[in-house]
Amino acid sequence: MLTGEPLALDLVNTRAHTPEGDVDHLETADGLAAWLSRQAERLTARPGDVTGEWVEAARRLRAHVEAALTSPGEPPAAAVAAINEAARRAPAHLALGPTGVVTRRDAPPLDRLLAELAEAAITLLGSPDVSKIKACEAPGCRMLFLPARPRRRWCSPDLCGNRVRVARHYQRTRQR
Ligand SMILES: [Zn+2]
């Protein structure tokens, strides 16, 4: 499971298209819970709360985020409306907590999760970074990433970068 990109890209990448095949990491409640554990620093949802309803809702929002991020030109109106609607489900407000300023959302846990994911998508879609998003160049891989360096070509240097280098080496040695 590829994580560590902006949250909205991590969400889209849970539907993984890699040279090893297609995997949907959000297919089951366990899968979503595992993804939430890996995102514990960025999302407030407790993996133990996940139900089938969460899986359905997360996958629906993911489809809209993917459409908004990957369609050429303006994001589709239906995707924009769905993302904005998800953000409205749990508006954030600042509060003073025991250790300083905290962001709170007075809403049920699923609404909080959808709002946090939607806000991540809105922030990315509204930033100049959106034009820098790339898809991995390895054959058969369509994972998305936001390159910190313009020359980055692979979703993961260890997986795809290495795979392409090995394939090239194999081709060279065969041509001799
Ligand atoms: Zn890749």
- Message: Return the pair list, or none, for Cβ contacts closer than 7 Å from residues in region 60-74 that are without any contact (Cβ under 8 Å) to a residue 40 or more places away in the chain to residues that are assigned to a helix (DSSP H, G or I) and exposed (fewer than 13 other Cβ atoms within 10 Å of the Cβ), at least 6 apart or on different chains.
- Response: none
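Please indicate, with yes or no, whether at least one residue in region 90-106 is assigned to a loop (DSSP other than H, G, I, E, B), among the acidic types (D, E) and more than 16 Å from the ligand (Cβ to nearest atom).
Within region 90-106, one or more residues are assigned to a loop (DSSP other than H, G, I, E, B), among the acidic types (D, E) and more than 16 Å from the ligand (Cβ to nearest atom).
The rows are residues; the columns are (1) in contact with a helix residue (DSSP H, G or I) (Cβ under 9 Å, 6 or more places away or on another chain); (2) part of a loop (DSSP other than H, G, I, E, B).
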| residue | (1), (2) |
| --- | --- |
| E27 | yes, yes |
| P72 | no, yes |
| A79 | yes, no |
| E85 | yes, no |
| R112 | no, no |
- Item | Residues (within 11 Å of the ligand (Cβ to nearest atom), assigned to a loop (DSSP other than H, G, I, E, B), closer than 18 Å to D10 by Cβ and not basic (K, R)) located in region 140-160 | C141, M143, W154, C155, S156
- Query: If we keep just the residues of region 71-91 that are modelled with pLDDT under 95 and among the small types (G, A, S), which is farthest from the chain's Cα centre (by Cα)?
  - Reply: G73
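How many residues does region 4-19 hold that are of a type outside the set (D, E), within 13 Å of the ligand (Cβ to nearest atom) and either free of Cβ contacts under 8 Å to residues at least 12 places away in the same chain or surrounded by fewer than 23 Cβ atoms within 10 Å (Cβ to Cβ) (or both)?
Qualifying residue count, region 4-19: 4.
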- Item | In region 39-70, the residues that are modelled with pLDDT under 95 and either outside any loop (DSSP other than H, G, I, E, B) or under 14 Å from V12 (Cα atoms) (or both) | T70
- Item | R163 vs. criteria surrounded by 13 or more Cβ atoms within 10 Å (Cβ to Cβ), charged (D, E, K, R) and in a helix (DSSP H, G or I) | yes
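The values are calculated or read from the model by the stated rules, or taken from the named source; none is laboratory data. These numbers were taken from a predicted model, which means no experiment stands behind them. No Cβ is skipped: glycine too gets one built from the backbone with ideal geometry, and neighbour counts run over all protein chains shown.
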